[in-house]
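Report on the structure given below.
The values are calculated or read from the model by the stated rules, or taken from the named source; none is laboratory data. A quick note: this is a predicted structure, and the numbers were derived from the prediction, not measured. Quick reminder, even Gly has a Cβ in these numbers, built from the backbone with ideal geometry, and neighbours come from all protein chains shown. Each accessible area value is taken on the protein alone, full model and side chains, heavy atoms only, with ligands, DNA and RNA left out. Shrake-Rupley method; radii C 1.70, N 1.55, O 1.52, S 1.80 Å.
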Amino acid sequence: MNIKDIDKKYIAPTYNRFPVVAQSGKGSVITDDRGRQYIDMGSGIGVTAFGIADPVWLDAVTKQAATLQHASNLYYTEPCVKLAELLCKKTGMKKVFFSNSGAEANECAIKAARKYAQDKYGKKRHVIATLTGSFHGRTLTTLAATGQDKFHKLFTPLTDGFVSFNAGCIDELEKINKDGTLAAVMIECIQGEGGVVPLGKDFVKALYEYCVKNDVLLIADEVQTGNGRTGELYAYMNFGIKPDIVSTAKGLAGGLPMGATMLGEKCENVFSFGDHGSTFGGNPVCAAAAISIIERLDEKLLQSVKDKSTYAFLSLENGKGIEAVTGMGLMIGIKTVKPAGEVIEECMKRGVLCLAAKDKVRLLPALNIDDGLFKKAIETIKRVCAE
Ligand SMILES: *Cc1c(COP(=O)(O)O)cnc(C)c1O
């Protein structure tokens, strides 16, 4: 049997995979089981931040794996402590909790916000507001947080205490909080799964001011937008706000599973011993990998992300068969005249791997994608849209 048949027989059918067996790669090129090469414009959904088998990342990972691959959180380990220090120094956040995925990073953010609000104001202040069209994860609690009805029906009852409101509508938030029950608001500055939709800067500013005024915590879900993706270290930095909690994952460890929840001044001491935990959280190999990524996200690298982004937007906007280009940095959504699925399929046939987000073609290439490959991929996408 071939890989696809064995997958069909033994893997729970939750994924509608593209017909590609990803076997190996280097940088932004993926090779399939027949030796066919593709330009990778998705980087494993924004995960392989510096591409496949990046030498600096690989060196950090292999050295740490050969030294100590795991110790548990019963003991101190150097990589996780160093990574927490690095993240706090670069963001001004105060403390970090490490986990293994975006959903877990959001779960921790929600727990921290509820604990903060209830310690200070009592049990009734526990509501978390999120935005319509948002995506925050697949656990029962982060599904409840996800502001898309289609995710809600399948597995009820979900965790209580979540409400969604429309971006741009502070008045809806005021209504939600009319009895003072609001603990936190959680946002993606650019909605990823929701279709690469950036929030309005004025709305984000107004939301931030509302939160400060009412001592409601602002949580930035930076699982997809974080770690250099938008041309800033974290996307909130484009919006002139300071969230109380920042969650991240995807690109953080460049291809190994890791989530992080960063806690600001208000809630840095909200957790005590035993309040939260994770067996794998802060794993030394993942942490060493993440250090090798975060250390390199300096001004020069971030500027190169912005430059590549400018090139892509200029090239794609007004392209034939393209209705709109959205996003920021190397998080790009393309609204095409043809159905996005058709464009993606045709690009794949021509050796370019793209992602979808709702009705858009979505690009999340490695931050250091080679200029020549990037231009070639953009040209291919343009041509397919125009035909
Ligand atoms: C991918 C994603 C998540 C979920 O991350 P997992 O690692 O799949 O649990 C949560 N929030 C956002 C914004 C995401 O893009």
Review point. All but one of (1) of a type outside the set (Asp, Glu); (2) more than 30 Å from residue 28 (Cβ to Cβ); (3) open to solvent by less than 50 Å² (accessible area, probe 1.4 Å) hold for residue 201; which doesn't?
Key: (3)
Review point. When you go through 341, 321, 327, 333 one by one, which is the residue that is surrounded by fewer than 22 Cβ atoms within 10 Å (Cβ to Cβ) and in contact (Cβ under 8 Å) with a residue 24 or more places away in the chain?
Key: 321
Check your understanding: Looking at (1) more than 16 Å from the ligand (Cβ to nearest atom); (2) open to solvent by less than 50 Å² (accessible area, probe 1.4 Å), can you tell me which one residue 99 breaks?
Key -> (1)
Review point. Are there any helices (runs of 4 or more DSSP H) wholly within segment 33-99 with 3 or more residues that are at negative phi and among the basic types (Lys, Arg), and if so which?
Key: 78-91
Review point. Among (1) within 20 Å of residue 367 (Cα to Cα); (2) open to solvent by less than 10 Å² (accessible area, probe 1.4 Å); (3) under 15 Å from the mean Cα position of the chain (by Cα), which single condition is residue 305 missing?
Key: (3)
Point to revise | Yes/no for residue 154 being surrounded by fewer than 19 Cβ atoms within 10 Å (Cβ to Cβ) and within 14 Å of the ligand (Cβ to nearest atom) | key: no
Check your understanding: Looking only at residues in segment 122-140 that are closer than 14 Å to residue 158 by Cβ and open to solvent by 30 Å² or more (accessible area, probe 1.4 Å), which one is farthest from the ligand (Cβ to nearest atom)?
Key -> 140
Check your understanding: Which of the residues spanning segment 157-173 are within 28 Å of residue 328 (Cβ to Cβ) and away from the ligand (no atom under 16 Å from the Cβ)?
Key -> 163, 165, 166, 168, 169, 170, 171, 172, 173
Point to revise | Hits in segment 217-238 - residues which are crowded, with 24+ Cβ neighbours inside 10 Å and farther than 17 Å from residue 94 by Cβ | key: 221, 223, 224, 225, 226, 227, 228, 229, 230, 235
**Study point:** Members of segment 215-269 found to be more than 16 Å from the ligand (Cβ to nearest atom) and in a helix (DSSP H, G or I), listed by number
**Key:** 237, 265, 266, 267
Study note, to complete from the structure: All conditions in (1) closer than 24 Å to residue 324 by Cβ; (2) open to solvent by less than 50 Å² (accessible area, probe 1.4 Å); (3) within 16 Å of the ligand (Cβ to nearest atom); (4) touching a Lys or Arg at 6+ places or on another chain (Cβ under 8 Å) are true of residue 193 except (2)
Review point. Does residue 256 meet the test of being open to solvent by 30 Å² or more (accessible area, probe 1.4 Å), of a type in the set (A, V, I, L, M, F, W, C) and not assigned by TED's automatic domain parsing to the domain that holds residue 185?
Key: no
Point to revise | Scan of segment 344-372 for residues that are of a type in the set (A, V, I, L, M, F, W, C) and open to solvent by 40 Å² or more (accessible area, probe 1.4 Å), ordered by number | key: 356
